[in-house]
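Here is the structure we will look at, set down as structure tokens.
The values are calculated or read from the model by the stated rules, or taken from the named source; none is laboratory data. As the structure is a computational prediction, the values presented were derived from the model and not from experiment. Backbone-built Cβ (ideal geometry, glycine too); neighbour counts: all protein chains shown.
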Amino acid sequence: MSVAMRFHETGSPDVLRLDEMEVGAPGPGEAKVRHRAIGLNFIDIYQRSGLYPVSLPACAGNEGAGVVEAVGEGVGWLKPGDRVAYAGGPMGSYCEVRNMPASRLCVLPDDISFEQAAAMMLKGMTVQYLIRRTYAVQPGDVVLFHAASGGVGLIACQWLKALGARIIGTAGSDEKCALAHAHGADHCINYRTENFVQRVREITNDIGVRVVYDSVGKDTFMGSLDCLQPLGMMVSFGNASGPVPPFDIGLLTQKGSLFLTRPSLFSYTASRKDLEATAQELFEMVQTGKVRIDIGHRYALADAAHAHRDMEARRTTGAGILIP
């Protein structure tokens with residue numbers, strides 16, 4: 001038997017409960033993975049709360065790292081004992097053991113730990129597609145990155161610095177701003193005490209930024225548009241404060257013929273080729289030391305509800321993981 005953190009209805013963190021589950025042999029194209037560490041991400045909250053609808057009952061979670069215990073028919077490139085990590089694919093990582101489509105698993109280099117992998121796969125591959133593909137950041141570009149002290153933000157600050165960008169971050173306290181600075185942000189705006197639009201305009205001499213990366217959503221969306229240069233790109237990739245309300249797309253014209261996109265990791269890594277290329281670039285950034293993975297919080301699997309409460313209350317910095 002294995003234990004898994006599941007929810008039978010959507011709602012508050014209280015809907016999460018620890019269930020026993022029987023995990024059979026992997027089917028064709030599958031691999032059985034025993035988790036050593038599990039990633040925590042805001043998408044887990046969106047699914048649990050009902051913001052992103054899922055079929056119920058559901059096992060929470062979208063990211064993990066562990067060891068292959070068995071492989072199903074047709075899986076020739078993985079074997080028992082292989083170290084693997086993943087982000088995306090079927091949800092259900094909040095568990096001890098699971099069967100996964102082998103095509104979504106990435107072989108983990110020996111010099112990257114299970115905890116690092118669980119803390120970085122979804123966040124790090126998100127950063128890769130955001131800054132390398134959605135908008136390909138160039139040396140000298142001025143970038144605004146919201147939630148710069150979060151798990152995605154700290155990776156992004158380091159990677160953007162390695163690309164030669166000028167980074168303006170936002171965070172919810174002076175302590176969080178200091179953390180963003182320590183990871184490469186040139187400026188960090190405490191949005192609780194400062195008007196971030198006004199400060200961005202001051203920092204850029206009223207020119208604005210080339211691109212905004214916004215995972216906050218409702219609370220920052222309209223202000224983010226006002227931070228952009230003409231022909232700038234607004235990249236909305238999360239809803240930490242709630243979904244962005246409907247708006248008149250004519251505003252994009254009025255504010256300088258702006259570009260707007262709402263991307264997801266799952267689209268950018270839908271093919272095996274793209275998944276491997278995205279993961280490999282992330283692995284190289286970590287292996288060369290250009291990006292370090294900071295794990296700010298560790299919780300037992302049974303304490304997943306507590307972890308969700310901390311994330312929703314903005315009490316976390318860096319990445320969080322569950323230990324089964």
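What residue, of Ser149, Ser113, is closer than 18 Å to Ile295 by Cα and surrounded by 19 or more Cβ atoms within 10 Å (Cβ to Cβ)?
Working: Ser113 fails: surrounded by 19 or more Cβ atoms within 10 Å (Cβ to Cβ).
Selected residue: Ser149, the only one of Ser149, Ser113 that is closer than 18 Å to Ile295 by Cα and surrounded by 19 or more Cβ atoms within 10 Å (Cβ to Cβ).
Counting only residues that are of a type in the set (Gly, Ala, Ser) and free of Cβ contacts under 8 Å to residues at least 40 places away in the same chain, which one in region 227-239 is surrounded by the most Cβ atoms within 10 Å (Cβ to Cβ)?
Filtering region 227-239 for residues of a type in the set (Gly, Ala, Ser) gives 232, 236, 238.
Imposing the further condition that a residue be free of Cβ contacts under 8 Å to residues at least 40 places away in the same chain reduces the set to 232, 236.
On the way: Gly232: 23, Ser236: 21.
Per the stated criteria, the residue is Gly232.
Of the candidates Leu154, Leu179, the single residue that is in contact (Cβ under 8 Å) with a residue 40 or more places away in the chain, of a type in the set (A, V, I, L, M) and in contact with an Asp or Glu (Cβ under 7 Å, 6 or more places away or on another chain) is Leu154. Which residues, taken from region 269-301, are in a helix (DSSP H, G or I) and either among the hydrophobic types (A, V, I, L, M, F, W, C) or touching a Cys at 6+ places or on another chain (Cβ under 8 Å) (or both)? Answer for region 269-301, where residues must be in a helix (DSSP H, G or I) and either among the hydrophobic types (A, V, I, L, M, F, W, C) or touching a Cys at 6+ places or on another chain (Cβ under 8 Å) (or both): Leu275, Glu276, Ala277, Ala279, Leu282, Phe283, Met285, Val286, Leu301. Here is a check on your reading of the model: is Leu40 of a type outside the set (S, T, N, Q) and modelled with pLDDT of 95 or more? Yes; evaluated as a whole, the condition is true for this residue. Of all residues in region 172-226, those that are in a strand (DSSP E or B), in contact with a Cys (Cβ under 6 Å, 6 or more places away or on another chain) and surrounded by fewer than 21 Cβ atoms within 10 Å (Cβ to Cβ) total 1. Give region 21-73 a look and list any residue that's in contact with a Phe, Trp or Tyr (Cβ under 8 Å, 6 or more places away or on another chain) and surrounded by fewer than 16 Cβ atoms within 10 Å (Cβ to Cβ), or say none. Of everything in region 21-73, those that are in contact with a Phe, Trp or Tyr (Cβ under 8 Å, 6 or more places away or on another chain) and surrounded by fewer than 16 Cβ atoms within 10 Å (Cβ to Cβ) turn out to be Tyr52, Leu56, Pro57. The number of residues in region 90-136 that are closer than 18 Å to Gly238 by Cα and not in a helix (DSSP H, G or I) comes to 2. Within region 137-171, being assigned to a strand (DSSP E or B) and of a type in the set (Lys, Arg) holds for one residue alone: Arg166.
Of all the residues in region 10-23, those that are more than 16 Å from Ala304 (Cα to Cα) and at pLDDT 95 or above number 1. Restricted to region 85-134, and to residues that are within 13 Å of the chain's Cα centre (by Cα) and hydroxyl-bearing (Ser, Thr, Tyr), which residue is nearest to Arg17 (Cα to Cα)? Selected residue: Tyr86.
Just to be sure before I move on: is Val71 closer than 22 Å to Gln287 by Cα, touching a Pro at 6+ places or on another chain (Cβ under 9 Å) and not basic (Lys, Arg) in the structure I sent? The answer is no for Val71.
Within region 283-308, residues that are closer than 24 Å to Leu105 by Cα and hydroxyl-bearing (Ser, Thr, Tyr) reach partners that are at pLDDT 95 or above and surrounded by fewer than 19 Cβ atoms within 10 Å (Cβ to Cβ) with beta carbons closer than 8 Å, at six or more positions or on different chains, in the pairs Tyr299/His306; Tyr299/Ile323.
Of the residues screened, Ala85 is not one that is assigned to a helix (DSSP H, G or I) and surrounded by 22 or more Cβ atoms within 10 Å (Cβ to Cβ).
Among the conditions (1) buried (at least 21 other Cβ atoms within 10 Å of the Cβ); (2) touching a Ser or Thr at 6+ places or on another chain (Cβ under 9 Å), Trp159 misses just one, which is (2).
The requirement of being in contact (Cβ under 8 Å) with a residue 40 or more places away in the chain, closer than 26 Å to Asp111 by Cβ and part of a loop (DSSP other than H, G, I, E, B) is fulfilled nowhere in region 240-253; no residue meets it.
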